[in-house]
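To start, the structure itself, in structure tokens.
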Amino acid sequence: MNTYLSSVLDRVKNEHASEPEFCQTVEEVLLSLEPVIEQHPEYEAVDLLNRMVEPERMFTFRVVWTDDAGRVHTNTGYRVQFNGAIGPYKGGLRFQKNVNPGVIKFLGFEQCFKNSLTGLPIGGGKGGSDFDPAGKSDAEIMRFCQSFMQALYRFIGPDTDVPAGDMGVGSREIGYLFGEWRRLKGTFENGVLTGKDRSFGGSRIRPEATGYGAVYYLQNVLAHEYEKIEGKTIACSGFGNVTWGICKKARQLGAVVVTLSGPDGYIYDPDGVTSSDEKVEYLRTMRASGHDRVQDYADKFGVEFFPGEKPWGVKADIVMPSAVQNDVGIREAEQIANNRIRYYIEVANMPTTNEALTFLRDQPGLVVAPSKAVNAGGVSVSCLEMSQNSEHLVWTAEQVDDQLHAIMDEIYGNSVDAAERYGLGYDLVAGANIAGFERIAQAMMAQGIF
Ligand code: 2IT
């Protein structure tokens, strides 16, 4: 590895030894940037990479809330405002018990490159809390969200930092967060949050956007191999909002999603989750129940459930990990290769360990696509929501969907071009990292050294 790159990576690994996820994503991105750094000594001259891996700002805050029995609980809230060179910080909030500084930083770093890749004017940020939403009542969720916003509201705004949802934060939570923001600020600046309900400025297609975008990106990948999506089988993990969006679009296009997974195991539906609207919509019912288990699908539709297992042993044309980080390690990657899967399309943020990703990228006949490109449709439509809010306009579903489709095609095309420009051939992983990097680099170079 280039000496400048390896010195940056060593510094990150030393300073963030207790944050493995952050070290992992930095390493993955830096590896792709080698030819760029070699051909552009001006970046090293202003120490651009150390400046990029260092968040502009990151803070924690106390979130205190009272449960229904009157007991008081204290959680940690986080926000990282990672890089604002190309626009206001933009990125979701994750409420999950395993949230810690390293998780927030990895998500924030990924978000910078993803947002840049969309071509839209949004910088990278992320936040959340170690609050566990499992089993909480609606009133408890509301009080937690109100307390969270009381601590955060001074530091965000429609042109400053625009949070949205991520795992554990859906339209209900965004509603409570916005209600508290409006109460504290006394203004209707609804562009401060995205993923809102449509009754107060949410965008059409935002709930579907990540899944739809992933399928539009997949169509580009298939077209490159002169293939069509119709009739293809897809093994998905997860059963949340993203997986629901994939299933909905896949059903429209005649593809067959055969697996879903949860913390409890996976289900295999040979006819496809995509075989009826009822099945597709049942994903939302399961998510809303708060049980966080996929076995309910097997019970309801009479298909097989595999407790404690992941779906990567299943034969399919396409694999789309759409659940949590590091879902696919080397063992799972070997299963995927042995099953002669043709397309490995990452959807969740960092679903693959670096070791597994390197292994998969080395498999002949397997196309690998990275999540920071594939799942960028979600944040893209968030940015379209910001535009609608600032113009006090409401666009039709067709207007939003057409733009989403065009953005995903552009992300794919720019990734392909970037890799080719640096002599890397058809490399969607390196291409996404390079294209994302270039725009931030250009803006940082133009804005001076700080
Ligand atoms: O990972 C992501 O891109 C998100 N959670 C969505 C971020 C956003 O601002 O819509």
* **Solution diffusion estimate, µm²/s, Stokes-Einstein, the chain, Kirkwood Rh from C-alpha pairs, 25 °C, viscosity 0.890 mPa s** => 111
* To do: Excluding residues on the same chain fewer than 8 positions from Lys310, give the aspartates and glutamates whose Cα lies under 13 Å from its Cα.
  => Asp264, Asp327, Glu332
* Structure fact -> Per DSSP, the loop-located trypsin sites (Lys or Arg not before Pro) within the range 256-334 having at most 12 other beta carbons within 10 Å are Lys315
* To do: Give, as a single signed number, the net charge of other residues whose beta carbon lies under 13 Å from the beta carbon of Leu424, with Lys and Arg counted +1 and Asp and Glu -1.
  => -3
* Asked: Where the accessible area of the chain is counted over protein heavy atoms with a 1.4 Å probe, how much of it, in %, is carbon and sulfur?
  -> 48
* Asked: Which one of Gly425, Gly365, Val314 has its Cα pushed farthest toward the positive end of the charge dipole of the chain, where Lys and Arg give +1 and Asp and Glu give -1 at the Cβ?
  -> Val314
* **Listed pairs Lys13/Lys136; Lys248/Lys372; Lys126/Lys232; Lys228/Lys249 exceeding 25 Å between Cα atoms** => Lys13/Lys136; Lys126/Lys232
* To do: Rank Leu152, Leu93, Leu218 by mean-square fluctuation in a GNM of the chain with C-alpha springs under 10 angstrom and give only the top-ranked residue.
  => Leu152
* For the chain, what is the relative contact order in percent, using Cα pairs closer than 8 Å and at least 6 residues apart in sequence? -> 15
* Would you please name the chymotrypsin sites (Phe, Trp or Tyr not before Pro) within the range 210-302 that are DSSP coil residues with at most 14 other C-beta atoms within 10 Å of their C-beta? => Tyr226
* To do: Compute the distribution of all C-alpha to C-alpha distances in the range 344-446, in bins of 5 Å from 0, and list the percent of pairs in each, rounded to whole numbers.
  => 2, 11, 18, 20, 18, 14, 9, 5, 2, 1, 0
* Give me the percent of Cα-Cα pairs in the range 53-202 that sit more than 27 Å apart, rounded to a whole number. => 17
* To do: Could you work out which residue, out of Ala348, Ala164, Ala288, moves most in a Gaussian network model of the chain, that is, has the largest mean-square fluctuation with Cα springs under 10 Å?
  => Ala288
* Structure fact -> Under a Gaussian network model of the chain whose springs join Cα atoms within less than 10 Å, the largest fluctuation of Asn98, Asn50, Asn115 belongs to Asn98
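The values are calculated or read from the model by the stated rules, or taken from the named source; none is laboratory data. As the structure is a prediction and not an experimental result, all values here were calculated from the model. Reconstructed Cβ throughout: ideal geometry from the backbone, glycine too, with neighbour counts over all protein chains shown. All accessible areas refer to the heavy atoms of the entire protein, side chains included, with ligands and DNA or RNA removed. Shrake-Rupley method; radii C 1.70, N 1.55, O 1.52, S 1.80 Å.
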